[in-house]
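Following: one structure in structure tokens, then a few remarks.
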Amino acid sequence: MRVRIEWAPPTMRAYVDGELDISSTILVRYIAEARWDEVEELRLDLAEVEFVDSQGLTILLNLRDLAAGHGATFALEHPRPALRHLLAVTGLNTVLLSLEE
């Protein structure tokens, strides 16, 4: 997994590439260490994410909670159809906001 963060106040956007699984927990730490003083929204661009397992879903929930803890909103951008399906099957589509094009 690779991540690139773009900062354009008030939005922090993280572009994720690869797989969201147990090896991706570093993503939460990486984003947690970012500057939060001017962040009003955290957006996670998942267009290049090929695979998400249960640990990946936990990571998404942790990032949502991290953003909320800083008073920021959290949204997913460009989730692939398989992830949209996984979110719907698990009921997380009602918890994790997904911004469609």
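Once the Cα atoms of helix 54-69 and of the chain are each reduced to a long axis, what angle between those two axes, in degrees from 0 to 90 to the nearest 10, is obtained?
Taking Cα atoms only, the helix is inclined about 30 degrees.
How big is the chain by Rg and Dmax over its Cα atoms, in Å?
According to the Cα coordinates of the chain, Rg and Dmax are 12.3, 35 Å.
Might you work out the accessible area of GLU38 for me, using a 1.4 Å probe with all protein chains in place, and round it to the nearest 10 Å²?
We get 90 Å² for GLU38.
Can you give me the distance in nm between label points at GLU38 and ARG2, each placed 7 Å from the Cα along the Cα-to-Cβ direction?
The two pseudo-label positions are separated by 2.7 nm.
Would you tell me the accessible area of HIS78, worked out with a 1.4 angstrom probe on the heavy atoms of the protein chains, in Å² to the nearest 10?
Counting only protein heavy atoms, HIS78 exposes about 60 Å² to solvent.
Grab the other residues whose beta carbon is less than 10 angstrom from that of ARG13, score K and R as +1, D and E as -1, and report the net. Before the final figure, lay out each step's value.
Working: positive: ARG4, ARG43; negative: GLU6, GLU41, ASP45, GLU77.
Its environment carries a net charge of -2.
Given a 1.4 Å probe and every protein chain left where it sits, what share in percent of the accessible area of the stretch 1-83 is carbon and sulfur?
Values: 2090 of 4260 Å².
Summing carbon and sulfur atoms, their accessible area is 49 percent of the total for the stretch 1-83.
With a 1.4 Å probe and every protein chain left in place, work out the accessible area per residue of the chain in Å², rounded to a whole number.
Heavy-atom accessible area per residue stands at 55 Å².
The values are calculated or read from the model by the stated rules, or taken from the named source; none is laboratory data. As the structure is a computational prediction, the values presented were derived from the model and not from experiment. Cβ sites come from the backbone with ideal geometry, for glycine too, and all protein chains shown count toward neighbours. Surface areas here come from the heavy atoms of the whole protein model, side chains and all, with no ligands, DNA or RNA. Shrake-Rupley method; radii C 1.70, N 1.55, O 1.52, S 1.80 Å.
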